[in-house]
Amino acid sequence: MTASSPSSIAAAVHKAGLTQQGTRVDHVHFKRKLRFGSTDIQSAMDLRDPDRLVLSYTRLMMGFLLFQPQPQHMLMIGLGGGSLPKFCHRHLPGSDITVIEIDPAVIALREQFEIPPDQADFRVVQADGADFVATLDDQRFNVILVDGFEAEQMAPALGTQNFYGHCARLLRPGGVMLCNLHELDIFYGVFMERIAFAFDGNALAVSTREYGNAIVFARKDCAIDARLPKHLVRPVSMAPGAWSGIETDVHDVLREARRVKECR
């Protein structure tokens, strides 16, 4: 792989109409980072290993494998630097992945973050995520990942009762929705209540090891602690190195789900 020069990154940023106050790309050592606003890191890519999940919350989101180890259809709302779409496309062959991103300026940077081009089983769609789920037919997906942030907060439209209800409607029985939330968000408790209501209480929040995020897992028509594996098993299609990078975080989800079972 040949890394793009800082000048080519700057040209892409300028072409996309981005500013230092909005979305920007930074370089720190061997990492390329996508930022919204002055401080928040939305995504990070290791230039030596572009598919590796650098940020803790992205690794924790792979905990959906406990509930859907071989998802056939996945919907991701929020592209960012494309860490999760890239990882899932490479390591979960057989999964059809649709990514929704509202901001064309973010999509314009997809080549800089080595996000795969659109193809038969992978596509990036420019659309409002809330509008997109509201217009689809029922029960299309096994997994829905929600990771849509603006500079300072989660996009408000991705935290409404209607939005979570549509996500539940679009999941097949046993499917799972997961949302990346900030634990210090003043509406965190409200979002949790809405998710629990949409999924009949079948929801679990697991804190990340860094950055103050929590990933909320919600299962459709299935208790959060039902049919958990006794031991973690690496997906057959996933390389040992990729699995070792997420295994600890997936185990965190398994541990928290088991605690739910113990409390019943």
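Remarks
- Pairs linking a residue in the range 184-201 that is of a type in the set (F, W, Y) to a residue that is in a helix (DSSP H, G or I), with Cβ atoms under 8 Å and 6 or more positions apart or on different chains, are F187/G159; F191/G159; F197/Q161; F197/Y164; F199/Y164; F199/A168.
- Per-region count, the range 26-81, residues assigned to a strand (DSSP E or B) and at pLDDT below 85: 16
- Contacts under 6 angstrom Cβ, first residue in the range 207-235 being without any contact (Cβ under 8 Å) to a residue 40 or more places away in the chain, partner assigned to a strand (DSSP E or B) and of a type outside the set (A, V, I, L, M), 6 or more apart: A214/S207; V216/C179
- Consider the range 115-127 and keep the residues that are touching a helix residue (DSSP H, G or I) at 6+ places or on another chain (Cβ under 7 Å) and closer than 10 Å to I100 by Cα. The one that is surrounded by the most Cβ atoms within 10 Å (Cβ to Cβ) is V124.
- The set of residues in the range 112-123 that are closer than 22 Å to R172 by Cα and either assigned to a loop (DSSP other than H, G, I, E, B) or in contact with a Gly (Cβ under 9 Å, 6 or more places away or on another chain) (or both) comprises A120, D121.
- Breaking point among (1) surrounded by fewer than 21 Cβ atoms within 10 Å (Cβ to Cβ); (2) under 15 Å from the mean Cα position of the chain (by Cα); (3) assigned to a helix (DSSP H, G or I), for A205: (3)
- Looking only at the range 139-189, residues that are of a type in the set (S, T, N, Q) and assigned to a loop (DSSP other than H, G, I, E, B) come to 3 in all.
- Taking first residues from the range 104-127 that are basic (K, R) and partners that are modelled with pLDDT under 95, the Cβ contacts under 7 Å between residues at least 6 apart in sequence or on separate chains come to R110/G82.
- Qualifying residue in the range 194-201 (condition: of a type in the set (G, A, S), at pLDDT below 95 and surrounded by fewer than 16 Cβ atoms within 10 Å (Cβ to Cβ)): no
- Candidate set from the range 93-114 (those that are in contact with a strand residue (DSSP E or B) (Cβ under 8 Å, 6 or more places away or on another chain) and under 23 Å from N142 (Cα atoms)); member that is surrounded by the most Cβ atoms within 10 Å (Cβ to Cβ): V99
- Of the criteria (1) surrounded by fewer than 19 Cβ atoms within 10 Å (Cβ to Cβ); (2) assigned to a loop (DSSP other than H, G, I, E, B); (3) among the aliphatic types (A, V, I, L, M), which one A134 fails: (2)
- Here the condition is being in contact with a Phe, Trp or Tyr (Cβ under 7 Å, 6 or more places away or on another chain) and among the β-branched types (V, I, T); of V99, V143, V106, V125, it holds for V143 alone.
The values are calculated or read from the model by the stated rules, or taken from the named source; none is laboratory data. Model, not experiment: these values are computed from the prediction. Note: ideal-geometry Cβ built from the backbone for every residue, glycine included; neighbour counts use all protein chains shown.
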